[in-house]
Each structure stands twice: as structure tokens, then as C-alpha cells.
Amino acid sequence: MSDLYLNAAVGGALTGLVYGLMALGLSVIFGVVRVVNFAHGEMMTGAMYGAILLAQAFKLDPLVAMAPIAIGMFLLGYGLQRGLVNSFVQRPEHTQFMLMVAVAIILTNSQLIAFGPNARNVQVDYALDSYQFGALIIDKVRIFAAIAALAVSGALFAFFRFTLTGRAIRACADNYLGAQVVGLNVKHLYGLTFGIGAACLGAAGCLLLLLLDVTPLQGPSYTLLAFIIVIVGGMGSLTGALLSGLLVGVSEALAGVAFDPSAKSMFTFALLILVLLFRPQGLLGRRP
Amino acid sequence: MMPSKDAARGAKRRDFLKTAGAVTLGAATLGAPAIVRAQAKTLNIGLLLPKSGTLAFLGQSCQKGADIAAEVCAQLGYKVNIKLMSADFESNVDLSRARAEKLISEGAHMLVGPFDSGAAGAIAQVAEQKGVPFVINIAAAPQITEQGYKFVFRNFFTAGQLVGNGLKLMKELFVATKTQPKSAVYMHVNDTFGMANKGAIDKLYPGANLGMELKASIAYDPAARDLSVEVAKAKATGADVLMVTTRINDAILLVREMVKQRWEPMGIINPGSPGLYEQQFFATLGKYSDYCITNVAWSDPKSAVTDMAKAAWAKKFPKDPWEGNILNAGFTIEAIMICADAFQRAGSTDGKALADALRKTKIEKKIMLGGPIEFDAKGQNNNIISACLQNRSGWARVVLPSDKAERPPIFPMPGWGNRGA
Amino acid sequence: MNMLFDGLPRRALVALGLFLAVLLVAPWLVNAYILSLLVVVLYFAYAGQAWNVMMGFAGQLSLGHSLYVGLGAYAAAMMFTKFGVNPWVGLLVAVATTTAMGAIIGFLAFRFGIGGVYFAILTIAFSEFVRVGFDHWPWLGGSGGLFLPVANLSSNDLLNLRGAPIMFYYVMLAMCVAALGFCRWLLGSRLGYYWQAIRENEDAAAALGIPVFRYKMIAVMLSSAMTAFAGVFYAFYYNNLFPEQIFSMGRSIEIILGPIIGGLGTLIGPIVGAFVLTPLADGLSELLQWAGIDVPGVKQVFYGICLLLVVVFLPNGIWPMLARRLGLEREH
């Protein structure tokens, strides 16, 4: 029985890291631009379809497709922010919410029209390989995906910590007015932030494609998952998002072993409710 | 927005639709001119399917069946004009009700659909209220034909019949292959359909005398993103056979996870749900899709009507193989055949006359396996039987009953590593 | 009574009266399909009005109102199928259940100072939590669904809410009118002024000595209590309940689209929103059918674009703009 828990925990942790990367994108956007991106899951679904197209056209492994997809998503994110979202930054939350819901509806159904309702995936040669260490069996794609997720997150941390632009964005997040006063081009920085968030999402989408199939209607469940992870980790905290992705991955897996697997998402919601009640700023977040 | 104005406008638009649109299918059947009655009336069939939303794939598959139904009916010699009026209820039960009302107000004489028990329940209420016969193509919840309805007819299994047939064929499979597994574990999706099957398994398994102990039932979320934990749990029971009730995506996740976790039971047997015979399943899993077994209603490989449908399909949808759509398309075509047959005998589009004709239905020349299509007092067809299908080199093939078999069954299945490149 | 109509210009009263008169005779003028659409419209008008109390009046964004619809529906359906209790008595149980649920969520959230997006996500979390719970509660059908016996379709039985769509139409119309009157009264009462103060600036309201916690609690509880009826109606109109459908996040969004599109915080906004959105969706289907486009998903894309246009160009919703154009605004 302990083997079962061990396998579940390790598998959950690896998948959780990829979820964490997906949530990072949301955290970056919300932490800086303060816009509630309710089209997060739908945008990632779009990225996953992009990766599928690349795989079909050029036989590109999703791990390789990460680069072009992330760049494409960056441009789209930048455009979306400058063209549409920017005028909503100062609007009330419910209006932002409506805007993103509308975007989500359009995205989901465009994907349905373009790709049909079937689940799609990319079959890499090593998709079904696994490594065995004693009682522990880990599948190859999961390890690859988790490592890549860590690498992308690392690059993001470095960007925010060490580059001038990264610091400017953080300044924007800390003090909007102050950033404007010292002459930062806030609109451009917001665009960049949204782009970076979307790029994270693109990368996460490519990695998830190694593990899971994509359907046009999966968007809302990923949006919700991303929100849960971000809130549990702490809005605006990058390490928090990654850590909480890990936590959600592991706790769902363990709950599935210990209880009825079909009820395991209850534990994720319960985790969220508990965090909101007893540590509303999230595990690693500052007080909102 | 004044409703009255809206109604007036709606009415005009509908009239326009009617005059402009007495089209498509009618024309196809009108092809045989000599026999058409002078006052040949047209039967308007309202088709309700989930063509977008979560069930989109299945709804669209059914729709394609409906698209060739008129041609099949014409070839079978039904001398009636059929006009299909199609509505998409977007996988949303509430909408199914409004769409049914809409089709009826636009002149539908009969309703066909909807590949979903919840929607079937909602549509049935409208059909009953309006006295418009409703022929269910696919929906298994037993409650639908237990409400005392007079205008609701189901040419599909109830969950109990589905599972009962499925378990019976499992026993036949063990006998035919002279292999007796000792234990089984059951994994099922936790949704309306999965729970109906689970209920039937709980009730019927003890009496089925399969000679194998049912070690555990494991339910999983229909929206599950991955099934690693669930499969690990099932593997830990050490059962010889995995029984499953699945949808499509989860079936793929499940088998993929089994390969990764190197779990090789004697067989994966599905006593009556979709998933393992779906085109998507073959396309995604390749050689790992082989040898999975499904006991489900299927087209009779030896029936001439099947060949007709298959040929019509190939002509209309050359890119989408018939084999990947058999159950959805087959039952949808049959539902429309049933309507055409009742209309021919009733000679009227009156709801009551059609319903009376439906009660006397007896269709021998049909697609799906089983006895003639007949309805009992509750409107249920009890003559459908399941086939035991086994996936073989990329398609589901009938392996039992032996008189209909395309191949002999192979059980236990070869391990994941022994399947060549 | 006077208070309800105070300050309304004459033409507004006339317009309201005319509108109501049209709705009263509508069932005899339209076909069954339009009638079934109108029932849905009124349902969303009512549910939107209930949601508006919480968000539009008191500024607490709930994205999980399907929770109260679902609980109300299941409570009344349970009383009916398991204990043979008629839906109006069942409504009391439903109201008690949803109010208690609203109180729990409100208490937990407001105690710990959770607001804004965090509160919104908390409401989703509770709703999803309960959905999964109901999925695993076999006594009420679990994910297999709860079916209400359907009988007596020919005659209308108001006591047991069994009957034809026309009966449901009038029941819902009556409830919409009642909800409108009630909300009008709420807005004009001290409660309403306190709420609006809290909505505009919570800290300032607290500084003025308004017991913020208590009044936010009242908003949540009233809103959830009102929503219970929407659930009871749903249960007896559709006669089958599935946790997957009734508690889904999509349902919550459907409920709140109306008031936001119509005009958040206004009394007429939820009604206008419902009368715009449902016909819009169905009108689009008809239009596409007429144009011969049968591609699943196209309709929803157009629907999304329409939403987008309203949000971008009419940020306060349709009704404030309409009222100004038609001179129907309240005189101060």
C-alpha cells in the first residue's frame, strides 16, 4: 500500500509542477496588471492546439515547439493587452470578468469550429516509456515535462530579478502611480507582462500536451485550477504559485488513493477554502 | 423587446423557412416518381442532438447518420418523404426542452434524438405534452420509459439491459476461449451514464455467475485530467480482469496509464459503454488499442441494410470511416427508419395516429443486431442484443456471438511488450 | 405603495404598466416555442434580480450563485420525492437551506475580511465543492440524477407545481414582479442606502458607523434566500436534476450575465438583460439556420462577440443608456 502512496505522490508532484507553471502565467498577469484573466484556460487550450499544428506540419516535438509557441503567445498576449484589456485595467472587477468571459466564449467556440470536438494529442515516441526504480514507476514524459517546467520558471525568476525590464515591471506592480511618476511606460510594461504571462501559459500548454489530450471545451476547468493554485500560493508570488501547484498535484493524488478518486477534486476546493479562510494572502503571498 | 412583436416576426421567418426549405431529404426520396402519391405529404422529423458542448463529438456523429438516413430509407423501399429539421441543444438539458418546443412549433411531426439521458427526459415531457411522438436513438437511463409516457419510444438499451447483455457475453467469452479469470476490478466514470451502469452492475453481477470475484469498484471524475492514481489503485487489487465503463477521453487516458504502469491484466472488458471501440481510441493508442473488448449493441455485419448504410456513408463522408461511427450512426438511422415506417403505415402526420402506428412497429430489415424492432407497452424495444467486439489491428470486430463473428476471440490478451513494433 | 412609485416620471410608470400588460397577455399571442423561451427569460430575470441584491446593491461579487439554485432545487425536490411534501412547503426548506449556506459563506468570508476577487473565487469553490458532494450522494441520485415523477400533464395543479408551461410562466411572472417590488423597497430603505455606501467605499462606510459586517451578511442571506425559489422552479419545471448541470460554473455565469449586461445595481437591468440575452442566443440560432450555416460553435462565437461589444461600448449596461434616451430615469 505504501508503494501506491509513493507512486501517487511522485506522479502528482511532477504533474503539479506543470500546473504550477500554468498558474505562474496567471499570477504574473494578476500580480502586475491586476486584471482577472478568466480566459486563462481557454488561452492555454489555444496554445495546445498550436503545438498540435506544429507537430503535424513539421513533426515538432512539443518540447521543441515550446519556443515558437511561447513567442507566439507572447505576441498575442501583448496585442490583447494593448488592444483590448488595457482600457479595462482601471475598471471594476466584474467588468473585467465579463470581458474575459466574452473572450473565453469566443476562444472556446472558435477552437471547436477549427479543430472539431474530438480530443487531440501529440504522440511522441517516448510517450509510453517509463522508468522503474524498485517499486517506483515514473513515466518519462512526466519527468521531462516537470524538468522543463522548472527550467522555464527559473528563467522567469531570473528575468524578474536580474533584468532592468523585469525590475521595472515589479515596480509597476508595487506602485502603479509611482511607476508613472518616475516615467516608466506603464502601458508598454503591462503589455509585456501580459505577454510574458501568456508565454508561460504557452510553454505550460506544450508540456501538458505531453501528458494529456486537448479538447476545445476543457478551458474553464483549467482556468479554475489556475485560480486555485494562484490563490493558495499567494497572488503575485511566483515561488508560491509553483509550490502550490506542487501541493495541489500531490494532495489530489494522495486523496485519490486514500478516498474515492472521483471525489478528489473536493480536496482541492477544500484546500482553497481553508487557505482563503485562514491565510487569505496565500502560502507565500503578502497581505492583499 | 415586446414578445408579441417577436412572435410575429418569428412566425414570418418560419413561414419563409417552410416555403424555401421543403428541401434536401424530400428530394432524395422523391427520386422514385411513379409510386409517389399525388398528395404525397412530407413527414417532418425534428432531430435533437448535442452538436456543440461536451457531447459535440457524439452529436455530430449521430447527425452524420441522420444525413444518410433518407437514402437508406429510400433503398429499403419506404415510400415516404422525410424532411429533417435539425436542432443543436449544445449539450445543455434546459436548451433541449426549448429546442424541442421550437421544432414542434415549426411543424415537426416526430422527434428523434438525443444521445443523452438528461435531455431525453426533458424532451420526453414536451413530446408528451404536445402529443408528438419521440423516438429515442440513444439514451440508457431506465427512468425515461418508466414514467408512463404514451408518445415516447426507445430503440436502445436501458442500462440494465446493456449491462445484462454485457455480462452474459463475458461468460460466453470465457467459455469460448476456455479461460476462466479468478477476479475482476471495475472502474467507471462518475456521471449519469456511468452511475446507471454501476447501478446495473451492482444489481446484476452477483446473479451473472461469472466465476470471478469483483474485488473493487473505482469511480473517477468525468473531467479527470489524468487517471494515474485510479489505475494504480486498480492495479493494486491484483485483479485478473479490468471491467470499465468509460467515455472516450478517459478510455484513452486509462489504457495509456496502464501501459505506463506496466499493468497487464488478462483483459480489458467493457460491458456496454463507448470508449474502447472509438476511432479516436485507435488513432491515439495504435497497437495498444488492440485486444480490448466491448460488449455493446453493434451493427449486424451480415445484414444487407448495414451494407447499404455503409455504402451511403462512404459516398457522403469518404474521410470519416463508418467503423468509427457505427453505434451512433446506426441507431440514428434506425430511429429515422422507425419514423418513416410508422408514417407509411399511419398515412397521416397526426401525432396520435403516428404513436399508434409506432406501437405496432415490427421492422425486420434493420442495421443493429437483435430481433425485429418492436416496442412494449412502455415504449421500450427489448429485442436488441449486444455483440462482443474485440479490437483487432485498428478496428472493432465482432467476435461473438459466433454466428455473427468476423474473427475468433483472443483472450487473455498479449502483454503490452509483446505486440511488435 | 406610494413609496414604490415615488420619483418615477409619468412615462416610466406608463411604460412599466404597458410592459407588464404585454407580458400578461403574451401567452395567448405567442406559440409554444416562444412561450418556453419567455419562461426561460423570466427565470433569468428573477435569478438575476436575486444576484443583483448581493452584487449590484451591496457590491459583493458572487460567481457561485448556481450553488443556491442547486441547493434550492434539490431541497424542494427531495421533500417532494422522498416525503411527498408539496413544493410551496418545500420552498421553505429550500429557503432555509440556501440562506444557511449563504450565511456560512458570508460569515467565513467577511469575518476574515475576504472581498473582491478572493470572495468571488471562494463562492466558486463552495459551489464546486457542493457539486462534487452531490455527485457522491446516492440517496439523492448522485451523478445519476434525481428524477421527479412526471404525471398530470393535462391539468394545472398550482399547489404541486405540476402542469403546462403556461402555468409556470405566470408563476415566474408573479415572482419577477414580486422580486422587483421587493428590491425597489429594499433600495429605498435604510438597508439599501447602507448597502450602496458599502458598495462605493467600504472603509468610508465603516468610518461612518455603518455595521458593515452585519449589512453584508444581510445582503448575502437575502440574495441566497431569493435564489432558492429559482431552484425550486427549476426542479419542478424541468423535472430532472443533475449536479453536473445545476451546480456548474457555467450556470452561475449565465445568471450574472443578465444583470451585468442589463445594468448592474439597477432594478430594471436584470430584466432588460434577460430579455436581451436569451432571445439573442436563440435569434442567432435562427439567423444562422436561415443563412444555411450549420457549424456548431458559430452561434456561440457571435454571442461572445455581442457580449464583448456591450462590455466595451456600454460599460454600465444597456438599461442606464436606454433609460436616459427614453427619459425614463428617476427624478431626484
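We did not get these values from a lab; they are worked out from the coordinates using the rules stated. All of these numbers come straight from a predicted model, not from anything done at the bench. Here Cβ is always computed from backbone atoms with ideal geometry, including for glycine, and neighbour counts include all displayed protein chains.
Under the classification rounded if a/c is under 1.5, otherwise prolate if a/b is larger than b/c and oblate if not, where does chain C fall, given a ≥ b ≥ c as square roots of the Cα gyration tensor eigenvalues? Could you put the intermediate results ahead of the total?
On the way: a/c = 1.38, a/b = 1.08, b/c = 1.27.
Note, shape of chain C comes out rounded.
Gaussian network model of chain A, Cα springs within a sub-10 Å range: biggest mean-square fluctuation belongs to which of A:Val64, A:Val32, A:Val232? Among A:Val64, A:Val32, A:Val232, the largest mean-square fluctuation in the Gaussian network model of chain A belongs to A:Val64.
Here chain A has an Rg and Dmax of 18.6, 61 Å, counting Cα atoms alone. Using C-alpha pairs under 8 Å with a sequence gap of at least 6, the mean separation divided by the residue count of chain B gives a relative contact order of 17 percent. A:Lys264: which aspartates and glutamates have alpha carbons under 17 Å from its alpha carbon, excluding same-chain residues fewer than 8 sequence positions away? Answer for A:Lys264, where 17 Å is the Cα cut-off: A:Glu252, B:Asp191, B:Asp221, B:Asp226, B:Glu230, B:Asp250, C:Glu128, C:Asp135, C:Glu244, listed by chain and number.
Using a/c under 1.5 as the rounded threshold, could you call the protein assembly as shown rounded, prolate or oblate? The axes a ≥ b ≥ c are square roots of the C-alpha gyration tensor eigenvalues, and prolate needs a/b larger than b/c, oblate otherwise.
On the way: a/c = 1.71, a/b = 1.13, b/c = 1.50.
Note, shape of the protein assembly as shown comes out oblate.
The string of couplings for region B:363-373 from the Karplus curve (6.51, -1.76, 1.60, θ = phi - 60°) is 10, 8, 8, 9, 9, 7, 5, x, x, x, 6 Hz, one whole number per residue in order, with x for Gly and Pro.
By the beta-carbon count within 10 Å of each Cβ, the least crowded to most crowded order of A:Cys206, C:Cys176, B:Cys62, fewest first, is C:Cys176, B:Cys62, A:Cys206.
What shape does region A:34-185 take by its C-alpha gyration tensor, where a ≥ b ≥ c are the square roots of the eigenvalues and a/c under 1.5 counts as rounded, a/b above b/c as prolate, and the rest as oblate? Please list the in-between numbers first.
Details: a/c = 2.39, a/b = 1.46, b/c = 1.64.
Because a/c hits 1.5 or more and a/b fails to exceed b/c, region A:34-185 counts as oblate.
Residues whose amide H comes within less than 5 Å of that of B:Asn382, counting only those at least five positions distant or on another chain, are B:Glu374, B:Asp376 (H built at 1.01 Å from N in the peptide plane).
Inside 10 Å of the C-beta atoms of A:247-260, what's the mean count of C-beta atoms belonging to other chains?
On the way: counts 0, 0, 0, 0, 0, 4, 4, 1, 1, 10, 5, 2, 1, 9.
Mean number of neighbouring Cβ atoms from other chains: 3.
I'd like the distance between the alpha-carbon centres of region C:33-53 and region B:86-162, rounded to an integer number of Å. So the separation of the two Cα centres works out to 24 Å.
When chain C is treated as a GNM with alpha-carbon contacts under 10 Å, the residue of C:Asn240, C:Asn201, C:Asn316 showing the greatest mean-square fluctuation is C:Asn201. Built from the Cα atoms of region C:41-112, the convex hull projects on average onto 5.4 nm², one quarter of its surface area. Region A:50-68 and region C:236-297 have Cα centres lying 37 Å from one another.
Counting only residues at least eight positions apart within a chain, or on another chain, the lysines with an alpha carbon under 24 Å from that of C:Lys299 are B:Lys5, B:Lys12, B:Lys18, B:Lys51, B:Lys64, B:Lys83, B:Lys102.
The amide H of B:Leu400, built 1.01 Å from its N in the peptide plane, has B:Cys388 as neighbours under 5 Å, considering only residues 5 or more places off or on other chains.
Do the alpha carbons of any pairs in B:Lys168/B:Lys233; B:Lys150/B:Lys352; B:Lys168/B:Lys378; B:Lys79/B:Lys366; B:Lys366/B:Lys404; B:Lys319/B:Lys404 sit beyond 20 Å of each other, and which pairs? Show your work: numbers first, answer last.
On the way: B:Lys168/B:Lys233 27 Å; B:Lys150/B:Lys352 9 Å; B:Lys168/B:Lys378 24 Å; B:Lys79/B:Lys366 17 Å; B:Lys366/B:Lys404 15 Å; B:Lys319/B:Lys404 27 Å.
As for pairs spanning more than 20 Å Cα to Cα, those are B:Lys168/B:Lys233; B:Lys168/B:Lys378; B:Lys319/B:Lys404.
Computed from phi, the 3J(HN,Hα) profile of region B:126-143 under the Karplus parametrisation 6.51, -1.76, 1.60 (θ = phi - 60°) reads 5, 4, 5, 5, 8, x, 10, x, 10, 9, 7, 7, 9, 3, 10, 4, x, 4 Hz, with x in place of Gly and Pro. Each of C:Val22, C:Val130 was scored by other Cβ atoms within 10 Å of its Cβ. Listed from fewest to most, they are C:Val22, C:Val130. In the structure shown, do any of B:Lys182/B:Lys215; B:Lys41/B:Lys362; B:Lys215/B:Lys287; B:Lys41/B:Lys316 have a Cα-Cα gap over 20 Å, and if so which? Checking Cα-Cα distances, B:Lys41/B:Lys362; B:Lys215/B:Lys287; B:Lys41/B:Lys316 exceed 20 Å. Whole-Hz Karplus values for region B:303-319 come out as 8, 5, 5, 4, 4, 4, 4, 4, 5, 4, 4, 4, 6, 7, 10, x, 8 Hz, taken residue by residue from phi with 6.51 cos²θ - 1.76 cosθ + 1.60 and θ = phi - 60°; glycine and proline positions read x. Remark: mean inter-chain Cβ contacts per residue of A:99-105 equal 6, using a 10 Å Cβ-Cβ cutoff to other protein chain atoms. Can you tell me which of A:Ala104, A:Ala173, A:Ala258 moves the most in a GNM of chain A? Springs connect C-alpha atoms under 10 Å apart. Among A:Ala104, A:Ala173, A:Ala258, the largest GNM mean-square fluctuation belongs to A:Ala258. Along the axis of the charge dipole computed for the protein assembly as shown (Cβ charges of +1 for Lys and Arg, -1 for Asp and Glu, origin at the Cα centre), the listed residues C:Leu16, B:Ile367, C:Val220 are led at the positive end by C:Leu16. When DSSP beta bridges are restricted to pairs lying wholly in the protein assembly as shown, around 40% turn out antiparallel. Under the definition of Cα pairs under 8 Å and six or more residues apart, what whole-number percent is the relative contact order of chain C? Answer for chain C is 32 percent.
Chymotrypsin sites (Phe, Trp or Tyr not before Pro) within region C:249-332: which are DSSP loop residues with at most 11 other Cβ atoms inside 10 Å?
Details: sites: C:Phe275, C:Trp290, C:Phe302, C:Tyr303, C:Phe313; in loops: none.
Qualifying residues, ordered by number: none.
Sorting B:Ser183, C:Ser252 by the number of Cβ atoms found within 10 Å of their own Cβ, with the fewest placed first, yields B:Ser183, C:Ser252. If you average the C-alpha positions of region C:130-202 and of region B:221-237 separately, how far apart do those two centres end up, in angstrom? First find each Cα centre; the distance between them is then 38 Å.
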